[in-house]
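In what follows, a single structure is set out as structure tokens and then discussed.
The values are calculated or read from the model by the stated rules, or taken from the named source; none is laboratory data. Everything numeric here is computed off the predicted structure, so don't read it as measured data. Every residue, glycine among them, receives a Cβ derived from its backbone with ideal geometry; neighbour counts consider all protein chains shown. Heavy atoms of the whole protein, side chains included, go into the accessibility calculation; ligands, DNA and RNA do not. Shrake-Rupley method; radii C 1.70, N 1.55, O 1.52, S 1.80 Å.
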Amino acid sequence: MLPFRSEIRNSPTQPTIKIFLSDESLDGRVKKHLEHFNEIETIELRETQGQNRVGENITIFLKDDADINKMKQSIDSSLWWYFEEDLVD
């Protein structure tokens, strides 16, 4: 099982990136890890609505001038590095 999955959500008000972790106990740690990105406006832990989903997700709101596709790639790369380092420790 993969440690996380990310999705771009195009809402009418503001596009977001949602991160679904396979281990929800890491939500707070991963949220803190993502706070170093300057392009992120806010990060929220939210209850997930829908079938076949984990109970919580990390919702990332980007600043207006941020490219959502580039940010998703950067966040995914950062999370792969994070989980690789975490598995080594």
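Okay, residues lined up against (1) under 18 Å from residue 74 (Cα atoms); (2) part of a loop (DSSP other than H, G, I, E, B); (3) touching a Ser or Thr at 6+ places or on another chain (Cβ under 9 Å):
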site: 14; (1), (2), (3): no, yes, no
site: 17; (1), (2), (3): yes, no, yes
site: 25; (1), (2), (3): no, no, no
site: 32; (1), (2), (3): yes, no, no
site: 36; (1), (2), (3): yes, yes, yes
site: 49; (1), (2), (3): no, yes, no
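Every residue, every condition in (1) at pLDDT 90 or above; (2) more than 14 Å from residue 3 (Cβ to Cβ); (3) touching a strand residue (DSSP E or B) at 6+ places or on another chain (Cβ under 6 Å), yes or no:
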site: 21; (1), (2), (3): yes, no, yes
site: 31; (1), (2), (3): yes, yes, yes
site: 37; (1), (2), (3): yes, yes, no
site: 41; (1), (2), (3): yes, yes, yes
site: 49; (1), (2), (3): no, yes, no
site: 74; (1), (2), (3): yes, yes, no
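Looking only at residues of the stretch 56-81 that are part of a helix (DSSP H, G or I) and among the hydrophobic types (A, V, I, L, M, F, W, C), we find that the one that is most open to solvent (accessible area, probe 1.4 Å) is 81.
Quickly run through the stretch 13-48 and pick out the residues that are of a type in the set (Ser, Thr, Tyr) and over 10 Å from residue 60 (Cα atoms). Break it down into steps so the answer makes sense when it comes.
To start, the set of residues in the stretch 13-48 that are of a type in the set (Ser, Thr, Tyr) comprises 13, 16, 22, 25, 42, 48.
If the condition is that a residue be of a type in the set (Ser, Thr, Tyr) and over 10 Å from residue 60 (Cα atoms), then 13, 22, 25, 48 are the ones that fit.
Applying the criterion of being within 12 Å of residue 4 (Cβ to Cβ) and of a type in the set (A, V, I, L, M, F, W, C) to the residues of the stretch 51-72, the residue that is modelled with the lowest pLDDT is 54. Scoring residue 42 on the criteria (1) open to solvent by 40 Å² or more (accessible area, probe 1.4 Å); (2) among the hydroxyl-bearing types (Ser, Thr, Tyr); (3) within 10 Å of the chain's Cα centre (by Cα) leaves a single failure, condition (3). Quick one: count up the residues across the stretch 1-12 that are of a type outside the set (A, V, I, L, M) and part of a strand (DSSP E or B). Selection size over the stretch 1-12: 5.
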